[in-house]
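Engineer: This is the structure I have questions about; it appears just below.
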Amino acid sequence: MAKMNELTRVLFYIQAYVVLAWCFTDMETGPSNGLSTQPNGDRFKIEGRAIVPGVRTQDWVSKARVLVEGEEFVGFLRTDGSFAVNDIPPGSYVVEVVTPAYKFDPVRVDITSKGKMRARLVNHIKTSEVIRMPYPLQIRSPGPNIYFTKRETWGWTDFLMNPMVMMMVLPLLIIVLLPKVVNTNDPEMRKEMEQSMNMLNPNPELPDVSEFMTKLFSGGSKGSGKPSGSSSSKGTRPAVKRR
Amino acid sequence: MAISIITGGFSVFLLCHFAGAVFEDQVGKFDWRQQYAGKVRFALFDMHVQSSKKVLMATEKNVFASVNTRTGDLAWRHVDSTGPEGNIDSLLLHGQDAVLVVGDGRLLRSWDINVGGLNWEMVLDTGSFQAASFVGHLDSVRYVAVLKKAAISLHYLSNGHQKWLENLPESDSVQYQAVYSEGDGEVYALGLVPNSHIYIVAFSVEDGEIIKQVTVEAPWLSDLGANCVVVGQGVLMCVDVATLSLYTLDLHLDSEMTQIPLQTLELEVSPGFQPVLTSTQPNAAQAPLSEFFLQLGPEHHLLLQLKDNKVVTLRDFQPSLLVSFATTGEKTVAAVMATKNTTACTIILYSADSGRRLLDTTLIFTMEPNGGKPERLYIQAFLKKDDSVGYRVMVQSEDHTLTFMQQPGRVMWTREEALSDVVTMEMVDLPLTGTQAELEGEFGKKADGLCSMVLKRLSSQLTLLQAWMGHLWKLFYDARKPRSQVKNDVTMETLSRDEFNLQKMMIMVTASGKLFGIDSKTGTIVWKHYLENVPANAAFKLMVQRTTAHFPHPPQCTLLIKDKDTGLGVLHVFNPIFGKKSHITPPSLPQPILQSLLLPIMDQDYAKVLLLIDDQYKVSAFPSTKNVLQQLQEMASSIFFYLADPSQGRLAGYRLLTDLSTELLWEVVLPVEVQKILFVKGKRGNEHVHSQGRVMGDRSVLYKYLNPNLLAVVTESTDPHPERSFVGILLIDGVTGRIIHNAVQRKARGPVHLVHSENWVVYKYWSSKSRRNEFSVLELYEGMELYNSTVFSSLDRPHVPQVLQQSYIFPTSISTLEATLTEKGITSRHLLVGLPSGAILSLPKMFLDPRRPEIVTEQSREENLIPYAPEMPIRSEWFINYNQTVARVRGIYTAPSGLESTCLVVAYGLDIYQTRVYPSKQFDVLKDDYDYMLISSVLFGLFFATMISKRLAEVKLLNRAWR
């Protein structure tokens, strides 16, 4: 279905292009020259209508303007949303309706030196591509301008699904639940656990960094330093590794 | 196609990372906007409803606006194009329709003043505009008459359609200057052949037929508009200064003027003063009143009445500064403003038909100490319940200020319309508070004994504690009130630096010559100073000579005002915090000034030295104490400057010599026939670059070419033909004159906007080949190793830098371009682009990186380079001013704050908008939505949990021990 649509659209574009190329053969070199304003040349009028679906025109027209090629020519909207920008020499222009609240897509309007008008989609990359739009312009707003991003709000689910929290909660569960499942008072079990603990610490002979540091900073008092150092080594070793 | 989708997806992904978007709850928290309209040309009060709260203003900035008289805010505003096409020639108001003649009589527009929408717009025939007037018929206003040089046309008020258009007879010899109608079916066009005769043509309203043509001899009259008014039942009243007489002419009957010498009225004209007549026509469908004002001197007005072809003096007002008529209902009053003393004026109402003073109508207008004189008076009269006339008044001053007042002198609002035309600005740090300064000062002194030192320290700590408590109390007090009600009273006392230096003083220089000091946090105008006798075409340059860091020396700013025609300059030295003119007398500048530069060297009072180069290439210093001159002599060999002369296409570099003369070092001449210099831009002096290079994907470093003396010269071809036009960029070392790089953009034209910073230049031009706006970025690199990493010297850099360039399509045209600036330059840079729609786009510099690859490789991904896409994205989330658009944005000023992440931004044009941007998000401070509640509740929860578990553990232990 989508393919079909696309195909018909492409066909339509091709058709439109062919028709336009036939209509505007004199245009292809024309517009670029047209921009240099001729003082006594004919001046034309760009007409159209801007529509914001579902909003009364009175609510937004007072803040809207029609800009032709930046601010080169300015037009205003009537109370019914229609507009006309007067005194425009032949050329090719990007026409834009600007209003803070609503978004409007720009349209390119070509005016020949004889006053023939056509409107087409703005394409800055393929500038000669012609996808025709209705003239007088019918500019429909796709919706309000979105200026704001949503704040990340705090929720319990976010908190719980956080990997860090998961990592903390699961070991906690294991610590609390494991002793209940496994009987620690059983001597065989204890032996097994000790073995597995030793497996975790692969090389007990290796000098520990924290031990080394405590030795270094505790200075001469070696006697008192040793037990505390050994006790801390057990506690901090995993921490060091984690780093 | 697939690739573009992928890149699209990638950029969307990136967007989440860099976007400096605004959150909805931040609206108005750090930003503010002030909207202006410009110097008022026409102002009319909406009278068609008794309770109306509108005043309509047409300004010299081609803006038509409606202002709420209760608050002084703009209800709506229509900004037309700049230049003569948008110039508002005339404003007429009838009921709820305002009719404007725009663009030298090219367009006739009617606005609905309630909605602010256009009723209709008509294109008129060419011909220079002379006058416009409502034409009434059968007691109602139905038409608008527009008088042009050679034709008169009548339009329906309801839809703008032309009723008739008639050519004026003998229009090549007669200058038609006024149009008059009193609703009796005739429209009069009044013309004049200077110093010969008056020519009067009467047209029928119905079909434009010429009813009669009259020629009246008036050899003394040279200007109809300035000397004549219509009073009473169609009597043309003229004043002539040569014969000191009034002349009257009944348009309906007479063919000769009646002379009434002023002596017969026992009146005298001040010597050298051109008398002025003022009349009033409250209703276009009826004749004007027979009362009128005659001004005989700068402070002398008379209320006169025309009665049976005789002029009667109703009242003599002396002294009187300004007069104005106002009508409400059937009553017309005359308001007279007179100087009371040097600081205040009184406004009193008089009945227009008798000249009798109305009771209880005195209003006192207090003039600003450093403001301009009142210039015009707009009266809004209304009927009170007891049928007496009450009024409000809008006073327009020379400095473009509008003051709206009601009796007995309460200022309801003021609008500083001068701020619609800000030329240049600076931001200055606020000073420390008195207590902070005292603490600082303590370290300086040593003489006191130990005991007194301790006591002093304790007392100052106490005052600090007290200030802190006060601050906390205020915070607590304000927190309970909604944000809109919190009053931010900014006084001199509360103006002090905050902890992150986010609040600064904005010094704004306007084209009218009025200076403003604005608090950047709230937008409150702290001080204003009107400089008189500033030429209309003056160029301004504002320099901060001494910042607030040198307590007890006051901060000092210097404004150089230069007449563009003569080149003669004046210096105005002032304190930027209080706006007071400094007691230091600046040097007088008898010679035209070519260039000024602020040196980093300071005199003994910590004021930076300002050098001024005159047209004889002699240099004068300010301040020019002995100390400064000595320093200058020592430094002279390393002080260089450049001069650009666009008229001759000449760019020259000079060096300072020890005797304060100069020596030409280099010269570049760009042939004027081929190209003209648009502008020359160096780097900003207060810019810091944090990293010397960029780390590449393979862990090698590409060093930046950071030449502080680099100048970017932009040229444009003089040939406007789109095939042959070009824009040129020249990068020149300002010390040696060496051309570092030269780039030419063919088939391109201006306007060019350029930002020059760090090691890059970004510029925008119009590609006439593809009819689109394009951005181009140039980046300069030294290469993989630095030549001299400790210090940069222009004289010793043998290698030419590598230059990388890339161009992009920008989908809309732009108004201005600027880059963000932070304290240490660690934060990534964004470009701030002012768009014609009024939005300010914050575009990450990352998108303008000439190293953006076309094909993504492992290394480029490592470097976080975005794949090249020809079209630059614009997203409305990147608009830092959301819906607070800045009309006609003309400049963007960026200033670093005390926080590295934060850059202060002020956009000015017709409006002023101030905000903060965080190009790399707020990495150095807790976000403003930081959840203190959550963190503290978690902390307390954990604390109690440990307490409880401790207790439980104790119980358990005890139980176990018992077992």
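The values are calculated or read from the model by the stated rules, or taken from the named source; none is laboratory data. None of the values given here were measured: they were computed from a predicted structure. Here the Cβ is made from the backbone with ideal geometry for all residues, glycine too, and neighbour counts use every protein chain on show.
Engineer: Within the group B:VAL680, B:VAL668, B:VAL689, which residue is touching a residue at least 60 places away in the same chain (Cβ under 8 Å) and not in a loop (DSSP other than H, G, I, E, B)?
Structural biologist: That would be B:VAL668, the only listed residue that is touching a residue at least 60 places away in the same chain (Cβ under 8 Å) and not in a loop (DSSP other than H, G, I, E, B).
Engineer: Could I ask something else about it? Could you please give the count of residues in region A:45-100 that are more than 9 Å from chain B (Cβ to nearest Cβ), surrounded by 20 or more Cβ atoms within 10 Å (Cβ to Cβ), β-branched (Val, Ile, Thr) and assigned to a strand (DSSP E or B)?
Structural biologist: Residues flagged as more than 9 Å from chain B (Cβ to nearest Cβ), surrounded by 20 or more Cβ atoms within 10 Å (Cβ to Cβ), β-branched (Val, Ile, Thr) and assigned to a strand (DSSP E or B) within region A:45-100 amount to 6.
Engineer: Assuming B:TYR781 fulfils every condition listed in (1) assigned to a strand (DSSP E or B); (2) surrounded by fewer than 22 Cβ atoms within 10 Å (Cβ to Cβ); (3) within 14 Å of chain A (Cβ to nearest Cβ) apart from one, which condition is it?
Structural biologist: Result: B:TYR781 passes all but (3).
Engineer: Regarding B:SER949, is this residue of a type in the set (Gly, Ala, Ser), within 12 Å of chain A (Cβ to nearest Cβ) and not in a loop (DSSP other than H, G, I, E, B)?
Structural biologist: Spelling it out, it is not the case that B:SER949 is of a type in the set (Gly, Ala, Ser), within 12 Å of chain A (Cβ to nearest Cβ) and not in a loop (DSSP other than H, G, I, E, B).
Engineer: Still on this model: Please work out which residue is farthest from the other protein chains (Cβ to nearest Cβ), limiting yourself to region B:851-905 and to residues that are aromatic (Phe, Trp, Tyr) and under 24 Å from B:LEU778 (Cα atoms).
Structural biologist: The selected residue is B:TYR893.
Engineer: Taking B:VAL269 as the residue in question, decide whether it is of a type in the set (Val, Ile, Thr) and in a strand (DSSP E or B).
Structural biologist: When the stated conditions are applied, B:VAL269 does not pass them.
Engineer: Run down B:VAL230, B:VAL312, B:VAL216 and say which single residue is without any contact (Cβ under 8 Å) to a residue 12 or more places away in the chain, part of a strand (DSSP E or B) and either within 16 Å of B:ASP184 (Cβ to Cβ) or not hydroxyl-bearing (Ser, Thr, Tyr) (or both).
Structural biologist: Matching residue, one of B:VAL230, B:VAL312, B:VAL216: B:VAL312.
Engineer: Looking at B:LEU831, is it crowded, with 21+ Cβ neighbours inside 10 Å, over 20 Å from the mean Cα position of the chain (by Cα) and either touching a residue at least 60 places away in the same chain (Cβ under 8 Å) or under 22 Å from A:LYS103 (Cβ atoms) (or both)?
Structural biologist: yes
Engineer: Are any residues in region B:615-658 under 17 Å from B:LEU599 (Cα atoms) and loosely packed, with under 13 Cβ neighbours inside 10 Å, and if so, which ones?
Structural biologist: The answer is B:LYS626, B:GLN630, B:GLU634, B:SER637, B:SER638, B:THR658.
Engineer: Would region B:630-653 turn up any residue that is over 37 Å from the mean Cα position of the chain (by Cα) and in a strand (DSSP E or B)?
Structural biologist: no
Engineer: Working only within region B:134-172, note down all residues that are of a type in the set (Gly, Ala, Ser) and either under 14 Å from B:PHE203 (Cα atoms) or touching a helix residue (DSSP H, G or I) at 6+ places or on another chain (Cβ under 7 Å) (or both).
Structural biologist: Answer for region B:134-172, where residues must be of a type in the set (Gly, Ala, Ser) and either under 14 Å from B:PHE203 (Cα atoms) or touching a helix residue (DSSP H, G or I) at 6+ places or on another chain (Cβ under 7 Å) (or both): B:GLY136, B:ALA145, B:ALA151, B:SER153.
Engineer: Residues of region B:233-254 being within 22 Å of B:LYS307 (Cβ to Cβ) and part of a loop (DSSP other than H, G, I, E, B), which ones?
Structural biologist: Correct list: B:GLN233, B:GLY234, B:LEU244, B:LEU251, B:HIS252, B:LEU253, B:ASP254.
Engineer: Suppose we filter B:GLY272, B:GLY225 for residues that are loosely packed, with under 14 Cβ neighbours inside 10 Å, within 24 Å of B:ALA145 (Cβ to Cβ) and under 38 Å from the mean Cα position of the chain (by Cα); which single one remains?
Structural biologist: From the options B:GLY272, B:GLY225, the qualifying one is B:GLY225.
Engineer: Here are B:ALA381, B:ALA344, B:ALA334, B:ALA352: which of them is at pLDDT 85 or above and closer than 22 Å to B:GLU532 by Cβ?
Structural biologist: B:ALA344
Engineer: Oh, and also: Could you list, in sequence order, the residues of region B:371-406 that are surrounded by fewer than 16 Cβ atoms within 10 Å (Cβ to Cβ) and over 21 Å from B:TYR36 (Cα atoms)?
Structural biologist: B:LEU383, B:LYS384, B:LYS385, B:ASP386, B:ASP387, B:SER388, B:GLN406
This table checks each residue for (1) aliphatic (A, V, I, L, M); (2) surrounded by fewer than 23 Cβ atoms within 10 Å (Cβ to Cβ); (3) within 14 Å of another protein chain (Cβ to nearest Cβ).
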| residue | (1), (2), (3) |
| --- | --- |
| B:ASP104 | no, yes, yes |
| B:ALA145 | yes, no, no |
| B:PRO169 | no, yes, no |
| B:GLY185 | no, yes, no |
| B:PRO194 | no, yes, no |
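Engineer: Hey, another quick one. What residue, among those in region B:441-456 that are part of a helix (DSSP H, G or I) and closer than 21 Å to B:PRO431 by Cα, is modelled with the lowest pLDDT?
Structural biologist: B:GLY444
Engineer: Name the single residue, out of those in region A:101-112 being closer than 22 Å to B:SER767 by Cβ and surrounded by fewer than 21 Cβ atoms within 10 Å (Cβ to Cβ), that is nearest to the other protein chains (Cβ to nearest Cβ).
Structural biologist: Per the stated criteria, the residue is A:PRO106.
Engineer: Checking the structure you have, find out if any residue of region B:86-93 is facing chain A (nearest Cβ under 10 Å) and either closer than 23 Å to A:GLU72 by Cα or not acidic (Asp, Glu) (or both).
Structural biologist: Yes.
Engineer: Let me ask something additional. Within region B:317-331, does at least one residue satisfy the condition of being assigned to a loop (DSSP other than H, G, I, E, B), over 21 Å from B:SER181 (Cα atoms), of a type outside the set (S, T, N, Q) and out of contact with any Phe, Trp or Tyr (no Cβ under 7 Å at 6 or more places or on another chain)?
Structural biologist: Yes, the conditions are met somewhere in region B:317-331.
Engineer: Return a yes/no flag: does region B:698-715 have any residue that is under 33 Å from the mean Cα position of the chain (by Cα), farther than 18 Å from B:VAL803 by Cα and in contact (Cβ under 8 Å) with a residue 12 or more places away in the chain.
Structural biologist: Scanning region B:698-715, I find at least one residue that is under 33 Å from the mean Cα position of the chain (by Cα), farther than 18 Å from B:VAL803 by Cα and in contact (Cβ under 8 Å) with a residue 12 or more places away in the chain, so the answer is yes.
Engineer: Taking region B:185-211 only, how many residues are hydroxyl-bearing (Ser, Thr, Tyr) and touching a residue at least 40 places away in the same chain (Cβ under 8 Å)?
Structural biologist: Qualifying residue count for the region: 1.
Engineer: When the residues of region A:113-126 are narrowed to those that are among the charged types (D, E, K, R) and within 14 Å of another protein chain (Cβ to nearest Cβ), which ends up farthest from A:GLY48 (Cα to Cα)?
Structural biologist: Checking each candidate, the answer is A:LYS126.
Engineer: Considering each of B:ARG724, B:ARG771, B:ARG746 in turn, give the residue that is surrounded by 18 or more Cβ atoms within 10 Å (Cβ to Cβ), free of Cβ contacts under 8 Å to residues at least 24 places away in the same chain and not hydroxyl-bearing (Ser, Thr, Tyr).
Structural biologist: The match here is B:ARG771.
Engineer: Do you know which residues across region A:127-160 are without any contact (Cβ under 8 Å) to a residue 40 or more places away in the chain, more than 11 Å from chain B (Cβ to nearest Cβ) and of a type in the set (Phe, Trp, Tyr)?
Structural biologist: A:TRP156
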